[in-house]
Amino acid sequence: MNAAAADPADNNATDGYGDFDFIVVSNRLPVDRVKSDGEESWRRSPGGLVTALAPVMGKADGAWVGWHGAPDEEVDQFDHDNMHLLPVPLSSSEVELYYEGFSNATLWPLYHDVIAPPEFHRTWWDSYRTVNRRFADAAASMAAKGATVWVQDYQLQLVPQMLRKDRPDLKIGFFNHIPFPPLEIFAQLPWRRAIIEGLLGADLIGFQRPSDASNFLRCVRRFAGHTVRQQQVQVQTEEGISYVSRAESFPISIDVDQITELAKREDIVERSKQIRRELGDPKTVLLGVDRLDYTKGISHRLKAYGELLEDGTLTVEDASLIQVASPSRERVEQYRLLREEVEGTVGRINGTYDTMGSTAIRYLHHSYPVEEMVALYLAADVMLVTALRDGMNLVAKEYVAARTNNTGALVLSEFAGAADQLRQAVLVNPHDIDGLKSAVLDAINMPDREAQRRMRLMRRQVLQNDVERWSKNFLNALQQTEPGEEG
Ligand code: G6P
């Protein structure tokens, strides 16, 4: 690894700077370790972010800094798929305090409308600071003079300010993939000012929805006292540097080409038919796909669906719900409790309504490769996205992209960022169980022509705004920000 940055005041020095012009920093590296025949190798992780950034990486001499996913292990930097990867180590205690603790039991619930109670512990905060410092140092060691560094998500909110202090030569961007909470909720955080100042180290701070950006700007005014004009914050550092930091929304999207190409593949279309047959060929297949997370509103969805069966409005011969719940953060208490609750409910509903030939809910606690996901999207007449709060929800966009023949209906929570773009979905407030039940019925019974009209409009939106366009928009806006000035 290169030494830390040289004295940035020395404009002619190149020694001590890293070699890369474009650096992405995220909690996880965009690769997963796979083992076959006793041999270990890396495979690109599924997901839009890496697809959007891999081409930029290749062209711009890019590197990616992130945790490789295993505690107590140092891994040397390596190349994979035209990307240079720098693994950042985390000890098991840091996984517990920084990742499971501060990131996923303090910030995650706080930023998602306190659906679960956030816990505040000073030891977690200390670890968050230590780990953010390690990521910042790793990024600084890789960054060439004047490089662009793009920091991702809530696990690393202190990194922008740390980088700006050590390397004022850099262009620094930050993107928050999850919601940013209203001031009245953010106010609970004992370290609220430090987080705001951490983020303000970036030249450009991106959010999913305009409301996230305005929540953030209200918090800046209240807790950091900088001057805010529209979307711009005038920041004055202790070192006497002044610069403008902008906060703006850039709704993320998906790799549209990948999904539409898979949706046309014959074997995948065949697989989607097989899925329906295996369910006993119900008239309607409903689908939910989520990480098993309390923000996703899985319990609300199951309650509404269970009541529709209880009322006799639906029968298991008419309809079947496939619920994919991919395992997530399983050592965090709230996630364990949720799993018990969801699995108890599924068991009760199936026990009551299943017959030998038909099932109410086919529950799958697995994650699947994208090919199988697309087959599921093709098999589903109705997609249910009932999040109680969600930064974006890419599953909704993937479903829409996969429906190449414009059939199918999407029930979508108004609390997911995707509701800003997918206006023709059947929009719901998932807390309103009666409203949710009628939304599900409306989607099931929607006349074909109406469903096609809506799907066509939603597809147009998604197809025109894929994840590559998202990253270009962000990076262009970042390049247009003004450099800081001493004064
Ligand atoms: C959300 C977050 C990501 C995170 C992902 C999976 O989408 O915005 O930053 O990587 O969940 O969670 P995990 O804790 O497994 O990384």
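No value in this document is a laboratory result; all are computed from the given coordinates. Nothing here was measured: the structure is a model prediction, and the numbers come from that model. Don't worry about glycine lacking a Cβ; one is built from the backbone with ideal geometry, like all the others, and counts go over all protein chains shown.
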Handout entry: Positive-pole candidate from V88, N176, I444, dipole of the chain, charges at beta carbon
Key = I444
Problem - Separation of alpha-carbon centers, segment 32-72 and segment 137-190, rounded to whole Å - result: 21 Å
Handout entry: Cα long-axis angle, helix 448-464 against the chain (0 to 90 degrees, to the nearest 10)
Key = 20 degrees
Practice task
Please work out the Cα center distance from segment 208-224 to segment 388-411, rounded to the nearest Å.
Solution key: 28 Å
Practice task
Please give the helix 122-142 orientation as an angle from the longest Cα principal axis of the chain, in degrees from 0 to 90, rounded to the nearest 10.
Solution key: 70 degrees
Fill in the blank from the handout: In Å, the Kirkwood estimate of hydrodynamic radius for the chain over Cα pairs equals 23.7 Å
Fill in the blank from the handout: Descending packing, highest mean Cβ count within 10 Å first, for 49-62, 131-144, 383-396 is 383-396, 131-144, 49-62
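Treating only the Cβ atoms of Lys and Arg (+1) and Asp and Glu (-1) as charged, compute the dipole magnitude of segment 256-464 about its Cα centre; round to the nearest 20 debye.
540 debye
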Exercise for the section: Just tell me which lysines come within less than 27 Å, Cα to Cα, of K283; anything on the same chain fewer than 8 places away is out. Expected result: K264, K273, K296, K303, K397, K437
Fill in the blank from the handout: Quick P(r) readout (segment 256-464; Cα-Cα; 10 Å bins; whole %) gives 9, 37, 40, 14, 1
Practice task
Can you figure out the FRET efficiency of Q77 with D318, using R₀ = 51 Å and their beta-carbon distance, to the nearest 0.05?
Solution key: 0.40
Handout entry: Selection from S320, L364, M455, by position along the positive dipole direction of segment 256-464 (Cβ)
Key = M455
Handout entry: Cα pair distances exceeding 17 angstrom across segment 80-203, given as percent
Key = 58 percent
Practice task
Place a +1 charge on the Cβ of each Lys and Arg in the chain and a -1 charge on the Cβ of each Asp and Glu, then give the dipole magnitude about the Cα centre in debye, rounded to the nearest 20.
Solution key: 1380 debye
Handout entry: Mean separation of Cα contacts under 8 Å, 6 or more apart, over the residue count of the chain: relative contact order %
Key = 14 percent
